[in-house]
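For reference, the structure discussed in these notes is given below.
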Amino acid sequence: MAGLLRRMAAEERASGSGSRWRATVSAEQRSRIEESIAQSREQLAARRGVHSGTTAEVAPHAA
């Protein structure tokens, strides 16, 4: 999963429409991939939020 996300992020930064993977992946698979990426981004944002602040502030939320 991490490899896929890195590859997609690199394509997003590269110029062009990102058609390299879109041309070979069905619409259904793209939909699942994009949904998975969205969920991963939400989880990452939530985890980063928990781990911001001092240790004393974060400790009650870590459990």
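Observations, loosely collected:
- Where residue 41 falls short, out of the listed (1) open to solvent by 100 Å² or more (accessible area, probe 1.4 Å); (2) in a helix (DSSP H, G or I); (3) modelled with pLDDT under 65: (3)
- Considering only residues in the stretch 26-38 that are among the charged types (D, E, K, R) and surrounded by fewer than 11 Cβ atoms within 10 Å (Cβ to Cβ), the one that is nearest to residue 3 (Cα to Cα) turns out to be 35.
- Residue check for residue 23: farther than 19 Å from residue 5 by Cβ, at pLDDT 65 or above and open to solvent by 60 Å² or more (accessible area, probe 1.4 Å): yes
The values are calculated or read from the model by the stated rules, or taken from the named source; none is laboratory data. Since the structure is predicted, the reported quantities are computational estimates derived from the model, not experimental observations. Note that we place each Cβ from the backbone using ideal geometry, even for glycine, and neighbour counts take in every protein chain shown. Surface accessibility is based on the protein's heavy atoms, side chains included, excluding ligands, DNA and RNA. Shrake-Rupley method; radii C 1.70, N 1.55, O 1.52, S 1.80 Å.
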